[in-house]
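Before I ask anything, let me first share the structure, which is written out below as structure tokens.
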Amino acid sequence: MSIITTYKESLIRLSEVQRRTGYSKAWIYRLIGEDKFPKQIKIGTRSVAFLESEVDGWIAQRISESRGEM
């Protein structure tokens, strides 16, 4: 008997991260440099993307912190 594990993770581009957070490209990269935002994944020579689950988790954490739920 073999077990097959399916791992599905979605990537989103920087423009979508900007739309979801309301942050500029420069601010996102500043937060990444300060280890305060999920790091990007290089998907090409001049292209990056982000794990959707990490960005969603980061947003959820900001919401919880702002409501004093942490």
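Please enumerate the residues belonging to the range 6-54 that are under 25 Å from residue 65 (Cβ atoms) and among the aromatic types (Phe, Trp, Tyr).
The answer is 23, 27, 29, 37, 50.
Yes or no: residue 29 surrounded by 10 or more Cβ atoms within 10 Å (Cβ to Cβ) and outside any helix (DSSP H, G or I)? First the steps, then the outcome.
Working: surrounded by 10 or more Cβ atoms within 10 Å (Cβ to Cβ): yes; outside any helix (DSSP H, G or I): no.
So residue 29 does not fit the description; no.
Name the pairs whose Cβ atoms lie under 7 Å apart, with the first residue in the range 48-69 and touching a residue at least 40 places away in the same chain (Cβ under 8 Å), the second in a helix (DSSP H, G or I), and 6 or more positions between them or separate chains?
So the pair list comes out as 55/17; 55/20.
Computed from the coordinates by the stated procedures, all read-outs in this text should not be read as laboratory data. This one's a predicted model, so the numbers in the text were calculated from it and none came from an experiment. Here the Cβ is made from the backbone with ideal geometry for all residues, glycine too, and neighbour counts use every protein chain on show.
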